[in-house]
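Structure, as structure tokens:
The values are calculated or read from the model by the stated rules, or taken from the named source; none is laboratory data. What you are looking at is a predicted structure, and each value in this text was computed from that prediction instead of being measured. Neighbour counts run over all protein chains shown; Cβ positions are idealised from the backbone, glycine included. With ligands, DNA and RNA removed, areas are computed over all heavy atoms of the protein, side chains included. Shrake-Rupley method; radii C 1.70, N 1.55, O 1.52, S 1.80 Å.
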Amino acid sequence: MTDATGAPPPAAAGERPRPASLTELFLVFSALALRGFGGVLPWAQRVLVDDRRWLTREEFVEMLAFGQLLPGPNVCNVALMVGDRWFGWRGALAALGGMLAAPCVVVLALAVLYGQMADDPVARRALVGMGAVAGGMILGTALRLATTQRGRWPWLAVGALAFAAVALLRIKLAWVVLGIGPAAVVAAWYANRRRAGEGGR
Amino acid sequence: MSGADLLDLFMHFASLSLLAIGGALATSPEMNRYLVDERAWLSTAQFNDSIAIAQAAPGPNILFVTLLGWQVGGVAGAVATTVGQLLPSSLVTLACWRWKSAREDAPLVAAIRLGLSPIAIGLTASAGWVIAAGANGGDPALWAMTAVAALVVWRTRVNLLWLVGAGALLGAFGIVG
């Protein structure tokens, strides 16, 4: 038995690692959420893909894509999908509960402290430094995930377009998702069909 | 807080749930209108502080919704806003995910996978950019720190807590910022 943050037990060759129980699912999501200063996403990628190897990078990107397209917080949606994959709705509930329960207590405790901390210049400067790092960590996660698109230049351009629209032009995210999303799916549909057609001949 | 108020609080957040594409912050102006202007349950400062605290704390930023409910109506208020915010969107997400998972080889599912993945990556990058731009302003030292953090996450498997700690310390001692 490993603790929630420890290394996973070595899996037999050819066997995909997976959460052993609802408890493990809950604890792993608690642990990664509690470390998620300035964003849980870098930790979700690190723990679920790199450390635990429950998901491949491609699977993670796909879940993230769904999580962003659908309503609700991205990382919470990813938690629901991960939990559902192995344990159905009970897994979804365990993963989402793990993601929210412990951080909820921390946030409420911080709210009580906040009155004394808000005007403290040292705390304020520390938060700015953490913000700079948090932004960089999320950018680095995006770069890591971008390796799944290696060699797909037109699709990398689509990703760059989405980035430019939200980050640089500051267009509302919902408009970008609803605007570029369906167009990209239609383009992908035709690209897949053409490739299938070529393969068939 | 009366039962009718709690129900109203729950229904209001539930009605915003499905509009929260890309996160609940997108609907925060409407929450502000409801809680501060219409009901006068919270002050503008309380509202803005809730968002700031949830962003500084570990865990998903959606917890600002929990904090809003807690300030309005204690534990019952926190449950009303959090469950209201997450229940409808979670049901939709699970339904769509299961629909997709049952049809892995369908052309539409393959097209969604191919077409939306790069957008997801682009939007993730933009989220990082917006956070960094808000924290860094025009400070080159802070931007350098952002770049180093991005590089470390991209290329190495160094424990990310070292990065966060380094950012907090360098900021606190006024070395950057």
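Quick one: is A:Gly140 open to solvent by less than 50 Å² (accessible area, probe 1.4 Å), out of contact with any helix residue (DSSP H, G or I) (no Cβ under 9 Å at 6 or more places or on another chain) and part of a helix (DSSP H, G or I)? Considered against the rule, which asks whether it is open to solvent by less than 50 Å² (accessible area, probe 1.4 Å), out of contact with any helix residue (DSSP H, G or I) (no Cβ under 9 Å at 6 or more places or on another chain) and part of a helix (DSSP H, G or I), A:Gly140 comes out as no. Of all residues in the range B:27-50, those being more than 7 Å from chain A (Cβ to nearest Cβ), open to solvent by 30 Å² or more (accessible area, probe 1.4 Å) and at negative phi number 13. Criterion applied to A:Leu127, A:Leu178, A:Leu145, A:Leu156 was being open to solvent by less than 40 Å² (accessible area, probe 1.4 Å) and either part of a helix (DSSP H, G or I) or more than 30 Å from B:Leu169 (Cα to Cα) (or both), and the one residue passing it is A:Leu145. Residues that are open to solvent by 50 Å² or more (accessible area, probe 1.4 Å), over 18 Å from A:Phe26 (Cα atoms) and hydrophobic (A, V, I, L, M, F, W, C) within the range A:99-115 comprise A:Ala109, A:Leu110, A:Val112, A:Leu113, listed in sequence order. Restricted to the range A:63-95, and to residues there that are more than 7 Å from chain B (Cβ to nearest Cβ), of a type in the set (A, V, I, L, M) and in contact (Cβ under 8 Å) with a residue 60 or more places away in the chain, the residue that is nearest to A:Thr141 (Cα to Cα) is A:Ala95.
Among the residues of the range B:82-107, those that are farther than 29 Å from B:Phe13 by Cβ, more than 7 Å from chain A (Cβ to nearest Cβ) and at pLDDT 90 or above comprise B:Ala102, B:Arg103, B:Ala106. With respect to the conditions (1) more than 7 Å from chain B (Cβ to nearest Cβ); (2) without any contact (Cβ under 8 Å) to a residue 60 or more places away in the chain; (3) in a helix (DSSP H, G or I), A:Pro17 lacks only one, and its number is (3). Taken across the range B:85-97, residues that are touching a Lys or Arg at 6+ places or on another chain (Cβ under 9 Å), under 24 Å from A:Leu41 (Cα atoms) and either crowded, with 23+ Cβ neighbours inside 10 Å or not β-branched (Val, Ile, Thr) (or both) do occur, with at least one present. Of the residues making up the range A:104-117, at least one is in contact with a Pro (Cβ under 7 Å, 6 or more places away or on another chain) and at the interface with chain B (Cβ under 7 Å from one of its Cβ atoms). The condition of being out of contact with any Cys (no Cβ under 8 Å at 6 or more places or on another chain), under 30 Å from A:Met117 (Cβ atoms) and in contact (Cβ under 8 Å) with a residue 40 or more places away in the chain holds for B:Gly84. Would a scan of the range B:143-162 turn up a residue that is without any contact (Cβ under 8 Å) to a residue 24 or more places away in the chain, among the aromatic types (Phe, Trp, Tyr), at the interface with chain A (Cβ under 7 Å from one of its Cβ atoms) and over 30 Å from A:Ala196 (Cβ atoms)? So far as the range B:143-162 goes, yes, one or more of its residues are without any contact (Cβ under 8 Å) to a residue 24 or more places away in the chain, among the aromatic types (Phe, Trp, Tyr), at the interface with chain A (Cβ under 7 Å from one of its Cβ atoms) and over 30 Å from A:Ala196 (Cβ atoms). Where helices (runs of 4 or more DSSP H) sit wholly within the range B:70-177, those with at least 1 residues that are of a type in the set (Lys, Arg) occupy B:107-136, B:140-155.
Checking each residue in the range A:37-51 for being at the interface with another protein chain (Cβ under 8 Å from one of its Cβ atoms) and in a helix (DSSP H, G or I) picks out A:Leu41, A:Pro42, A:Trp43, A:Arg46, A:Asp50. If the condition is being open to solvent by 10 Å² or more (accessible area, probe 1.4 Å) and not in a loop (DSSP other than H, G, I, E, B), then the range A:166-175 contributes A:Val166, A:Leu168, A:Leu173, A:Ala174, A:Trp175. From the list B:Gln85, B:Gln55, the one residue that fits, being under 26 Å from A:Ala126 (Cα atoms) and not basic (Lys, Arg), is B:Gln55.
Close contacts from the range A:49-62, counting a first residue that is touching a residue at least 24 places away in the same chain (Cβ under 8 Å) and at positive phi and a second that is open to solvent by 60 Å² or more (accessible area, probe 1.4 Å) and among the aromatic types (Phe, Trp, Tyr), with Cβ to Cβ under 8 Å and a gap of 6+ residues or different chains, come to none at all. For the range A:51-98, a residue qualifies if it is polar (S, T, N, Q) and surrounded by fewer than 23 Cβ atoms within 10 Å (Cβ to Cβ), and exactly one does: A:Thr56. If you filter the range A:181-201 down to residues that are in a helix (DSSP H, G or I) and open to solvent by 90 Å² or more (accessible area, probe 1.4 Å), you find that the one that is nearest to B:Leu18 (Cα to Cα) is A:Trp189.
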